[in-house]
Structures are given as C-alpha cells and as structure tokens.
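Below is one structure, written out as structure tokens, with a few remarks after it.
What follows draws every value from the coordinates through simple rules; no lab data is involved. Computed from a prediction, not measured in an experiment: that's the story for all the values here.
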C-alpha cells in the first residue's frame, strides 16, 4: 500500500498526518514479515538447486565413464560423449542462474530488510522520542505559573526547542517513508526482472545447445528403427506377437458361450472320424494333444466326455498328461488325472460287482468303500460336466 505524506501536514502535526503514519507503520511491518519469509524460501530454493546441479554433474560423469567403457562401439561411445557434453553445458548455465538469483533476489531483498527497514525503524524511534518530548514540553508550558516570569520563559524556551526537534525528526521520518516506498518498488521489481532475464537466457541457451543435436538425434532414431526392422529382431518380435495373440485367443475362447464351444468340438470329432482310415489312432491322438495344451480346461473336459482316449501316445511316446505337465497347465493335468481315476474305478466296479451287494459287503466292506469313492468321483464328474457346459461364469 502506497501512502503519500505531505510535508506541510507533517509540520502541522495534524490528525491526518498521525493517521497516515499508523497506516505506513503497519504496511512496513507486514512488508518486513513477507520479505523475510521470501528470503528464507529463496535460500531453500537455491540450496535445492545447488544439490540438484551437484547430483546432475555426478550423473554426467557417470555417462562419460559409460562412454569410455563403450568406446569399442562407435555409435554408443559417440552418443554418450555428445549427450554428456551438452548436459554439462546446460548444468553450467543452470549454475549461473542460481548465482544470479543469489545476487539479484536473495541479497537485494535481504539488504532491503536489514538496511532500509532497519533505518526506517531507527528514524521512527527518533520521531517517537521527539513526539514524546514535545508533549512533555507542552505540558510544562501549560502548567508554568504566570506570575513567575522566569519559569514561563524557561518553559517557552523548552517548548520551542522541543518543537524544532520534533519537526526535524518528523521531516526525516517522512523522508525515510518516501524513500522506503520508492526502494520497495525499484528493488523488488529489478530483482524480479534480473531473475526472469537469467531464466530466459538459461532456457534459450539450453534450447540452442539441444538444437545443435537435432540432426544427430534424428539420425540415431533412424538407426534404431533400422535395427528393429532387421531380420533377427523382426523374427523374435513376430514370435512374441504370435505368442501374445495366442494367449488373447485362448482367453477369448474361454469366454465364449457353450454353443460355440460344442460346435468346435463336434467339428474336431467329425474331422477325426472322416480320416480314421488313414490316420486312425495317431490322428485322433494329435487332436487330443492339441486340445490338451492349446485349449481351455472347459473344452478339454467336454472333449473327454465325448470319449477321447487319454492313454494314447503320439510319435514321441508322450500321453496327454505328460504334455500337459510339460506345458505347465495344472488345470488340464487335474482333469486328465481325475478322468483316468474315474475309468479305473469303473473297471474295479466291474471286477468286484456293484456297490451295496452282499458280495461287496462280505469282503471287509471293500465294495462299499469302492462304491462311496465311485459316488464321490461321479459327483465330481457331474460338477466338472456342469462347469464345462455352463460354468463359464464361475471362471
């Protein structure tokens, strides 16, 4: 807040002058508080900037060392050397910005607070002391007995001296107020201008330094694209893409409705039966193995329910369980083992008779135990069948 004080009002010591003085004192006190806070924040910013520059210089040194280590590769050595040099130039410019901010902002504002504001406070104390002396002289002059000429003259003389001292102090105080108001504008504005000019120069220099590497960076990008398009890279890249697409297709297959899955299984069975005269056992086993490791567990469960032979072996003498174990498909391994156990229990039922007969009960309850196991397996089979035909929502 800018307050213009009139020297005539100062000499008169009018109430308006006193009111303006109070406003100025409050404004200067608040300005001092805010400037002290700003100086502390500027100091913290500068310290953080110096720490950042120091850490960045260590990083650039690491880049140079890496470039020397990769000196056998011309492209990598040249790239790291050029980039580290440009980063070093940018860090030097940033260090200059920090020093400029130190001088133009922190030191100027700190000087304004410590010198100008302190001088203002000293002049204010003199003004207040002169004001108190004037009030005391006025009181003594008013209380002097009129009958004693000597005392009246002394009181009048003291009043004149006090008034002169007060007016001199008041003029100095008003002058200091006007000075601090002017310096507040110039110092703060010039400090900000210097800082912004340093920032602008820093960014221009950084942009210019990086622009010098534009063609080189473009060349490096083109070399990188060429390296990606090379046969050995492209082959591995295509393999990875095919593997990813296969996984996506598997997930999509597992989320389709049951009718589409039945149709796919029926097509596979029809294809198997139509080629039985040429690829009777091996061809069916190939489809069994294909479903074992490439389809979802629900489709494998449907295929087993259709009567697929899980004990058959391919040309490498591997059965479906072995292939599922090698492909780390735990769900399919569990399904195949349960199906195999179910078949073995049915064969045991045929050998020992149906559960609940006297023959089964006469052999120590073996038939009953087998029957209970068979019931448990049948319940598990029904649960798996329900999962295969309509349990897709629970997956």
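For a test of the definition: using alpha carbon positions, the gyration tensor, and the 1.5 limit on a/c, classify segment 13-72 as rounded, prolate or oblate. It comes out prolate by the Cα gyration axes. Rg ratio for segment 7-224: its Cα radius of gyration over 2.2 N^0.38 Å, N being its residue count, equals 1.84.
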